[in-house]
Each structure stands twice: as structure tokens, then as C-alpha cells.
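Working notes, structure below.
The values are calculated or read from the model by the stated rules, or taken from the named source; none is laboratory data. From a predicted model like this one, the values you see are computed outputs, not experimental measurements. Backbone-built Cβ (ideal geometry, glycine too); neighbour counts: all protein chains shown.
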Amino acid sequence: MGYAQNGRGYKTRKEIKMVLMSEKLSLKQGEKLVKLARKSAEYSIASGIGLGETCDDKELLEERGVFVTLHSYPGKELRGCIGMPYAVKPLWGAVLEMGVEASIHDPRFPPMTGKELGETIVEVSVLTQPKEILCEKKKLPKFVKIGEDGLIIQRGNHTGLLLPQVTTEQKWDAEEFLNQCCVKAGLMENMWQSKETKVFKFQAQIFSEIEPKGEIEES
């Protein structure tokens, strides 16, 4: 196992990775990611092959979890959302891939056309490392912050994930958020109360176009 000195002792590579993942990106970096997701989707829809795009920003080459979400404009109806909840790929490459996946390969929707993508808002959510919530099951809602935390629920082969922004969009409280995450995992609503169910939470930086191909903001 590798170690690095930081002036106060030594950190493992895993600890260093956790620190990097907790550091926030700038709006400028977020803009790059949103534009990359759109460009990747446009290129793949038009050509049928993946886009090769390099990056010289070291922070955007760190491994991070990320989701690309597509909404219709101006109705803001979901049109695609696919991502990687765990840090298994460099962020830049993950956004390249997820831009294509969300626009063409989300099994809930037909593949997008170039025209439709031009009328769609692109949103990128950069995730922190998910951490298991360890407490009495009945107390779980107290450990979920609405509008700040996203959730992952795991039970056997069942897994469900909901991003933090979903709670504010749907106006759910913490208990309903847990219930709906169970439903997303293909479980009964109250299965988060079972001892066999694991519940993880994470946070996200959310960068989104205000209108298609328009100004990008952090929400």
C-alpha cells in the first residue's frame, strides 16, 4: 500500500482519494463537464462512435462518481439519467461515456435524435464517495438531509439510487425519500427498515444548463 507525507504524518492512497473527492469543483470546471457531456452525446448521435476528447485539468482527471441527467425544455421532464455512483473512472472519461449513455442507452426511453438533444437541458452531478448510514433503522430519516443527500439502497441483488435534487423536485420528506429509493431498487417501500438492507448517502455538486446550449449554473 502506498503512502504520502502531508506534514502531519502519512495518508494512504485511499485516504488521499477521499480528500480529493470531498474538494469542490469550480463553476468553470463544471461548465467544462456539462459542455463535454453535450458534445459527447451530439457526436455519438451523429456518427455512431464515441468522442475522443483530452483534458489537461488534473482535478477533472481524478476518479469521481458522476451522473448525466437530461431534461426536456421548458417542461423539465426527465429524458435520460445514467451514471456511475462510485469512483471507478477518471471524471473526464466518465462524463464522456455517461453523456452517450444518458442520451442513447437509458432503457426507459428511446434513443435521442440530434434535434431532440438540441431541445434538451444537460445536467452533470459530481458525487462524493457514498458512505453507509450506520444507525438504528427506525432512526434513518433523521440522518438524511433533504436537498443535500442522495441515497443508495442495497439488499441482495437489488440496488436503487436517487440523486439529491430528486427530493426537492418531488417535495418528499426523508421517509418518503427512503421509501422511493426502495421502490427504485425493486423493493417494497418500507424495506429500508430491514436489518438486511444497507443504506448509503452521498452529496453532489450539480451543474446544469439554464436552457439548451445556454448559460450553465451550479444549483
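Those strands (runs of 3 or more DSSP E) of segment 100-172 in which 3 or more residues are of a type in the set (Val, Ile, Thr) occupy 120-127.
Please enumerate the residues belonging to segment 65-99 that are out of contact with any Phe, Trp or Tyr (no Cβ under 8 Å at 6 or more places or on another chain) and in a strand (DSSP E or B). Of everything in segment 65-99, those that are out of contact with any Phe, Trp or Tyr (no Cβ under 8 Å at 6 or more places or on another chain) and in a strand (DSSP E or B) turn out to be VAL66, PHE67, VAL68, THR69, LEU70, HIS71, SER72, LEU78, PRO90.
If the condition is being in contact with an Asp or Glu (Cβ under 8 Å, 6 or more places away or on another chain) and either exposed (fewer than 12 other Cβ atoms within 10 Å of the Cβ) or more than 27 Å from MET191 (Cβ to Cβ) (or both), then segment 95-148 contributes LEU96, GLY114, LEU117, ILE121, VAL122, GLU123. Residues in segment 2-37 that are at pLDDT 50 or above and in contact with an Asp or Glu (Cβ under 8 Å, 6 or more places away or on another chain): MET21, GLU23, LEU25, LEU27, GLN29, GLY30, LYS32, VAL34, LEU36.
Go through the residues of segment 87-105 one by one and say whether even a single one is among the hydroxyl-bearing types (Ser, Thr, Tyr) and within 15 Å of LEU163 (Cβ to Cβ). So far as segment 87-105 goes, no, none of its residues is among the hydroxyl-bearing types (Ser, Thr, Tyr) and within 15 Å of LEU163 (Cβ to Cβ). Restricting segment 173-213 to residues that are among the hydroxyl-bearing types (Ser, Thr, Tyr) and in a loop (DSSP other than H, G, I, E, B), which is surrounded by the most Cβ atoms within 10 Å (Cβ to Cβ)? Filtering first and then ranking leaves THR197. Pairing residues of segment 51-78 that are touching a residue at least 24 places away in the same chain (Cβ under 8 Å) and crowded, with 16+ Cβ neighbours inside 10 Å with residues that are among the aromatic types (Phe, Trp, Tyr) and not in a strand (DSSP E or B), at Cβ distances under 7 Å and at least 6 apart in sequence or on separate chains, gives LEU51/TYR43; CYS55/TRP92; LEU60/TRP92; GLY65/TYR86. LEU36 meets all of the listed conditions (1) part of a loop (DSSP other than H, G, I, E, B); (2) crowded, with 18+ Cβ neighbours inside 10 Å; (3) not small (Gly, Ala, Ser) but one, namely (1). Cβ separations smaller than 7 Å between residues 6+ apart or across chains give the following pairs from segment 20-31 residues that are over 15 Å from GLU63 (Cβ atoms) to residues that are modelled with pLDDT of 95 or more and in a helix (DSSP H, G or I): GLN29/GLU59; GLN29/LEU60.
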